[in-house]
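Colleague: Quick one: structure below, then a few questions.
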Amino acid sequence: MKKLHLAVSKDDLRPALMHIQVKDGFVYATNCHILVKFPINEVFGENSGITETDHFYIDGKQWGKFKFHSANLFVYSNGILMAMDRKGNNLGMIKTISFDDLNGRYPDCNAVLPSETKEKVALDQISFNHELYYNLIEVFNLDTPLFNMNFFGKSSIIMVKPNIEETTKAIALIMPVAII
C-alpha cells in the first residue's frame, strides 16, 4: 500500500497539511513541496466502503504509526477506517476528520495540477530536494521505481508519473529548489 505519511507536512504551524485528504474519488497528501494524488481504489482497495462522494481527512501521523501502508484490507464505516493485514490481524482504527472539524484549510490540490495540454519545456539543468524525491518514490511503493518526469518551466512544478504498464491515474508533483 501507499506510504502517504511521507508526503504530509510535519510542521505544526500547518495542521491541515498534516492530514491525508479523501475527496472526489481521490486521495491527496501534500507538504507544499510535494503532492501525491491516487484514485481511492489504489489506496484502499475496491471493497473498502469508501465512495467517490466521501470527503474526509486522515491524520498522517496515525497513518504511519499504525502502519496502515502495510494493510491488505480497509473497511470504512461511520467515520471509522479500520485496516487489517493479510492474516486478518487488526492494524488499527482511525476516526476520520470531517471537513468542518479540520484545523485549518486544506489546499485545492487540483488547482496546482497542470493540464495535459500545457506545454512541456526542455531544461538544461534543474535541482530539487533529493529527500523529497526519495519520499515521493517511497509513497508510490513500486517494485521498479521508474518514473516519467515532465517539466513545465524554469520555476514551475515537475509532474511525476510512474512508468508502469498498468493503467494508473496516480500522479505526483515536486517543486524545484533551484534553477541552474
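The values are calculated or read from the model by the stated rules, or taken from the named source; none is laboratory data. These figures come from a predicted structure and were not determined experimentally. Cβ coordinates were reconstructed from backbone atoms using ideal geometry, including for glycine residues, and neighbour counts include every protein chain displayed.
Colleague: Kindly indicate whether any position in the range 29-44 is polar (S, T, N, Q), in contact (Cβ under 8 Å) with a residue 12 or more places away in the chain and crowded, with 23+ Cβ neighbours inside 10 Å.
Modeller: Yes, because at least one residue in the range 29-44 is polar (S, T, N, Q), in contact (Cβ under 8 Å) with a residue 12 or more places away in the chain and crowded, with 23+ Cβ neighbours inside 10 Å.
Colleague: Considering the range 59-76 alone, what residues qualify as being free of Cβ contacts under 8 Å to residues at least 40 places away in the same chain and part of a strand (DSSP E or B)?
Modeller: LEU73, PHE74, VAL75, TYR76, listed by residue number.
Colleague: From the list SER48, SER9, exactly one residue is touching a Phe, Trp or Tyr at 6+ places or on another chain (Cβ under 7 Å), hydroxyl-bearing (Ser, Thr, Tyr) and within 23 Å of ILE171 (Cα to Cα). Which is it?
Modeller: Checking each option against the conditions leaves just SER48.
Colleague: Inspect the range 48-63 for any residue being surrounded by fewer than 20 Cβ atoms within 10 Å (Cβ to Cβ), over 25 Å from ILE158 (Cα atoms) and of a type in the set (Phe, Trp, Tyr) and give the result as yes or no.
Modeller: no
Colleague: Pull out all pairs, ordered by first then second residue, where Cβ-Cβ is under 7 Å, the residues are six or more apart or on different chains, the first lies in the range 114-141 and is farther than 13 Å from LEU173 by Cβ and of a type outside the set (Asp, Glu), and the second is part of a helix (DSSP H, G or I) and at pLDDT below 75.
Modeller: Every condition considered, no pair remains.
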